[in-house]
Amino acid sequence: MYVGIFFRENPIVMALFIIIGFLAIIASTVVYFWIGMLSTKAVQVQCPSCGKVTKMLGRVDMCMYCNEPMTLDPTLEGKEFDEKYNSKKKS
Ligand SMILES: [Zn+2]
């Protein structure tokens, strides 16, 4: 491998690439765990309308079986379903 020979002649460059590769592995691990954390944030609730267990993402979501709007936030209860409640930005 020409690349290997090049690196052997330049130990500093090789060390640099090893560090970059190491950082890339750490970054991908962090992203992997972050996605894992996000997916576990989905709350399982029993739909009051059809009785099936569905997952909720965010504060408001719809039942994936009967599209019954649901909320985890008591202040939003009774209000019309709106995906806007899931975003923290107030438009
Ligand atoms: Zn349902």
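Which pairs turn up if I take residues in the range 20-45 that are surrounded by 10 or more Cβ atoms within 10 Å (Cβ to Cβ) and look for partners that are among the charged types (D, E, K, R) and not in a helix (DSSP H, G or I) with beta carbon separation below 8 Å, at least 6 apart in sequence or on another chain? If the second residue must be among the charged types (D, E, K, R) and not in a helix (DSSP H, G or I), the pairs left are Ala42/Lys55; Val43/Lys55; Val45/Lys55.
Residue count for the range 65-77, restricted to those that are without any contact (Cβ under 8 Å) to a residue 12 or more places away in the chain and either part of a loop (DSSP other than H, G, I, E, B) or within 14 Å of the ligand (Cβ to nearest atom) (or both): 2.
Considering only residues in the range 46-64 that are part of a loop (DSSP other than H, G, I, E, B) and open to solvent by less than 80 Å² (accessible area, probe 1.4 Å), the one that is farthest from the ligand (Cβ to nearest atom) turns out to be Gly58. For the range 9-19, a residue qualifies if it is outside any loop (DSSP other than H, G, I, E, B) and surrounded by 10 or more Cβ atoms within 10 Å (Cβ to Cβ), and the qualifying residues are Val13, Met14, Ala15, Leu16, Phe17, Ile18, Ile19. Of the candidates Ile35, Ile12, Ile26, the single residue that is at pLDDT 90 or above and either among the β-branched types (Val, Ile, Thr) or away from the ligand (no atom under 16 Å from the Cβ) (or both) is Ile26.
The values are calculated or read from the model by the stated rules, or taken from the named source; none is laboratory data. Worth saying up front: this structure is predicted, and the values here are computed from it rather than measured. Positions of Cβ are generated from backbone atoms using ideal geometry, with glycine treated the same way; all protein chains shown enter the neighbour counts. Ligands, DNA and RNA are stripped out before the accessible areas are found, and what is left, the full protein with its side chains, is counted by its heavy atoms. Shrake-Rupley method; radii C 1.70, N 1.55, O 1.52, S 1.80 Å.
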